[in-house]
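The values are calculated or read from the model by the stated rules, or taken from the named source; none is laboratory data. Small disclaimer: the values here were computed from a predicted structure and weren't measured. With ideal geometry, Cβ positions are generated from the backbone for all residues, glycine too; neighbour counts draw on all protein chains shown. Accessible surface areas use protein heavy atoms only, side chains included; no ligands, DNA or RNA. Shrake-Rupley method; radii C 1.70, N 1.55, O 1.52, S 1.80 Å.
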Amino acid sequence: MLRKFMTWLIVWEVSFLASKTGLIEQGMAFIYIYVFLDFWYVLAFGENILRSREEEGEVAVRRINWILALSMIVASIVKVGLTWTVSTVFQIDFYSAYQILVLGSCLFGNKKTE
């Protein structure tokens, strides 16, 4: 939980720094940075999958990495869909809703794996 919260806090602060340049809005910068990090994690899992194939490693390791990569992609899609729903129903800014939902998922996510 602490690692996810610290990641969220760092991304939030970097998005404010990016918005000070005047080229991008704070919420949009937050989404771009956070989606980039999610994409980076999925690429890291993909690298592990390819590495385990080269070593002719265990099939279980490859399956776990595929499951983790796919679950991260599905979680990102669900986050965006839930954010769109919340922003539409409550008529709030999409970017603000995304930041709040990601913060909530960091604080109240799956605590068994942490």
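Miscellaneous remarks
- Some residue of region 76-84 being at pLDDT 90 or above and among the charged types (D, E, K, R): no
- Pair list, Cβ under 8 Å, 6 or more apart: region 54-78 residue within 17 Å of L101 (Cβ to Cβ) and open to solvent by less than 60 Å² (accessible area, probe 1.4 Å), other residue modelled with pLDDT of 70 or more and of a type in the set (D, E, K, R): M72/D38; S76/D38
- Considering region 24-49, and only residues there that are among the acidic types (D, E) and open to solvent by 70 Å² or more (accessible area, probe 1.4 Å), the residue that is nearest to I73 (Cα to Cα) turns out to be E47.
- Residues satisfying the stated conditions in region 88-99, i.e. assigned to a helix (DSSP H, G or I) and either over 11 Å from F30 (Cα atoms) or aromatic (F, W, Y) (or both): T88, V89, F90, F94, Y95, A97, Y98
- Residue within region 40-62 that is at negative phi, modelled with pLDDT of 85 or more and of a type outside the set (K, R) present: yes
- Scanning region 1-23 for residues that are more than 14 Å from I100 (Cβ to Cβ), open to solvent by less than 50 Å² (accessible area, probe 1.4 Å) and not hydroxyl-bearing (S, T, Y) yields one hit, A18.
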